[in-house]
Amino acid sequence: MFLEKELFSKVIESTPLVSIDLVVKNNLGQTLLGQRLNKPAKGFWFVPGGRILKNESLATAFKRLTLEELGEEFNIVQGRLLGPYDHFYDDNVFGDDFSTHYVAIAYVLLIDHELNHLPVDIQHGTYQWFDIASLSNNDEVHINTQNYY
C-alpha cells in the first residue's frame, strides 16, 4: 500500500523503512548501478531497489521491485541473500526537515543476459555497469552501495 505524502512523511520521520536492495552482477565482474533522481542519495550511483510495502511478503516485493527497477521480473530464489544493512541519511524524499533510516535487505542477483527494459526517469536517470574493483575509489558511488562490495 502506498501512503499519502503527509502520512508517509510522518512514517519516515518516526520509524525505519524496510527495503530490498538489488546487487546486480554480471559474469564480467561488473555491477549495475543507477544514478538516483530523488532524495535521499540524489545524484549518486546506487543499486536498484525499493521499500517493502505493508502486507507484502519478501518474495512478492522481490518480484515487484525487480520488475519496477530492472524492467524484468525475477523470483527471490534467483537471488542470494547478502544480509541486512542500516542506511542513514540526513534528508528524506520530501526535503531536508528530517532524516531517513532504511533497513535494507540486500540480495545478489547474477545476470547472464542484457537487461533491455531498464526504466529511466522514475528513480534513476540512467544506468551503467561498473567494474566492481573500482567502486571503492569512485566518489560518485554512494557509500551505502560501496559497502555491499
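The values are calculated or read from the model by the stated rules, or taken from the named source; none is laboratory data. None of the values given here were measured: they were computed from a predicted structure. Methodologically, a virtual Cβ is constructed for each residue, glycine included, from the backbone with ideal geometry; neighbour enumeration extends over all protein chains shown. What goes into the accessible areas is simple: the full protein's heavy atoms, side chains included, and nothing from ligands, DNA or RNA. Shrake-Rupley method; radii C 1.70, N 1.55, O 1.52, S 1.80 Å.
For this structure, a couple of remarks:
- Solvent-accessible surface (1.4 angstrom probe) belonging to TYR89, in square angstrom, nearest 10: 20
- Distance between the 7 Å Cα→Cβ label points at ARG64 and VAL93: 1.1 nm.
- Mean-position separation - Cα centroids, segment 125-141 and segment 52-89, in angstrom: 21
- Our estimate of slack between ASN26 and GLU4, defined as 0.36 nm per intervening residue step minus the Cα-Cα distance, is 4.2 nm.
- What the phi angles of segment 41-58 give under the Karplus curve with 6.51, -1.76 and 1.60, with θ = phi - 60°, is a coupling list of 6, 4, x, 8, 7, 8, 5, x, x, x, 7, 7, 8, 4, 6, 10, 5, 4 Hz, glycine and proline written as x.
- The charge dipole of the chain, taken about its Cα centre with unit charges on the Cβ of Lys, Arg, Asp and Glu (plus for the first two, minus for the last two), comes to roughly 340 debye.
- Residue-by-residue Karplus 3J(HN,Hα) for segment 72-89, coefficients 6.51, -1.76, 1.60, Hz, glycine and proline x: 8, 7, 10, 8, 4, 6, 7, x, 10, 4, 8, x, x, 9, 8, 10, 10, 10
- Sites excluded, GluC sites (Glu not before Pro) in DSSP loops with at most 16 other C-beta within 10 Å, longest stretch of the chain: 5-55
- Set of lysines with alpha-carbon distance to LYS10 below 23 Å, sequence-local pairs under 8 removed: LYS39, LYS42, LYS54
- FRET E, pair GLU114, LYS54, Förster distance 41 Å, beta-carbon r, rounded to 0.05: 0.75
- Each Lys or Arg adds one and each Asp or Glu subtracts one; over the other residues with Cβ under 9 Å from the Cβ of LYS42, this totals +1.
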